[in-house]
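Student: First the structure, which I've put down as structure tokens, then a few questions once you've had a look.
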Amino acid sequence: MVTIFGCVTSEQEPINAIIPERIIMETKYQKLKELYLRYPVLTECKEELEAAMDLIMACFRDNGTLLICGNGGSASDSDHIVGELMKEFCRKRSLPEEMRNKLLKTGGEALAENIRGALPAISLDAHTALITAIINDIGSDYMYAQQVYGYGREGDVLFAISTSGNAKNVDLAVKTAKAMGIRSILFTGRNGGIIKNSADLSVKLPETETYKIQELMLPVFHALCLQAEESFFTL
């Protein structure tokens, strides 16, 4: 049995339901299998996608946080992913009874009914004041590395998005994660760029033009989020 959490107490102790490990193991690639049927070209990176799913699942099982970064369209993807993970995506995320009862006592029925289970994720592009301060005082190359250093903890995973694989600020974030013992996944195009040399795992989607890489990224990100949700929240 493994403890799966959707919310945590102020002491950061997992309090969600316990789900048999057998169920998780039987279903953990199901959404990826469905993805391959819709996008057969993605079978070219099947091994890497499933390894990425394993890292993400381990992160959430270990009370970790997914730290996500990218530039331009990839920054938008970062925000999008957080939106799917931090609240309900496609299934109801009921709270553990213990937490629901605590919310009933402190905030009443509406609060207890409307708070949902969450899979912790932070989009590193979303903090305007902090990012502009880093750019002004240190330099734009360090805008993500500084946040990885500040937020990152053992058990977290850095989810790095760069269609070219050459974004300097993403590369430095990956290198900072490595120095801290934080695992990293690069989502990029066929060539992988320079960041593939630093990342623990590189998912190189089989396209070379930016917009075509992005067209494959969206269904991949949806499949990963759906799989995590279905694994960690029972109906």
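No lab work stands behind these numbers, since they all come straight from the coordinates. Small disclaimer: the values here were computed from a predicted structure and weren't measured. With ideal geometry, Cβ positions are generated from the backbone for all residues, glycine too; neighbour counts draw on all protein chains shown.
Student: So what is the 222 nm mean residue ellipticity for the chain from helices alone, if each DSSP H run of at least 4 adds -39500 (n - 2.57) and you divide by all residues, rounding to the nearest 500 deg cm²/dmol?
Tutor: Calculated at 222 nm, the ellipticity per residue is -15000 deg cm²/dmol.
Student: At a 10 angstrom cut-off on C-beta neighbours, averaged per residue, how do the peptides 135-145, 189-199 rank from highest to lowest?
Tutor: On the way: 135-145: 16.8, 189-199: 18.6.
Descending mean neighbour count gives 189-199, 135-145.
Student: Now a separate question. If you take the beta carbon distance between residue 234 and residue 180 as r and set R0 to 35 Å, what does 1/(1 + (r/R0)^6) give as a FRET efficiency, to the nearest 0.05? Walk me through the intermediate numbers first.
Tutor: Details: r = 33 Å, r/R0 = 0.95.
In this case the efficiency is close to 0.55.
Student: Any chance you could give the angle, 0 to 90 degrees and rounded to 10, that helix 97-107 forms with the longest Cα principal axis of the chain?
Tutor: So the helix axis and the longest Cα principal axis differ by about 80 degrees.
Student: Provide the gained length on full extension for the span residue 141 to residue 34, in nm with one decimal, where the gain is 0.36 nm per separating residue minus the Cα-Cα distance.
Tutor: Residue separation times 0.36 nm, minus the Cα-Cα distance, leaves 34.8 nm.
Student: Return a whole-number percent for the relative contact order of the chain, with Cα pairs under 8 Å and 6 or more residues apart as the contact set. Present the calculation step by step, with values, prior to reporting the outcome.
Tutor: Numbers: 432 pairs, mean separation 57.4, N = 235.
That works out to 24 percent.
Student: Let me ask you something else. When Lys and Arg each count +1 and Asp and Glu each count -1, what net charge do the other residues less than 14 Å away from residue 70, Cβ to Cβ, add up to? Intermediate values should be presented prior to the final figure.
Tutor: Details: positive: 168; negative: 77, 79, 125, 171.
Once positives and negatives cancel, what remains is -3.
Student: Can you give me the three principal axis dimensions of the chain from its C-alpha atoms, in Å, biggest first?
Tutor: 51, 47, 28
Student: I'd like the FRET efficiency for residue 51 and residue 127, computed as 1/(1 + (r/R0)^6) with the beta carbon distance as r and R0 of 41 Å, rounded to 0.05. Intermediate results must be reported in sequence, preceding the final value.
Tutor: On the way: r = 29 Å, r/R0 = 0.72.
That gives a FRET efficiency of 0.90.
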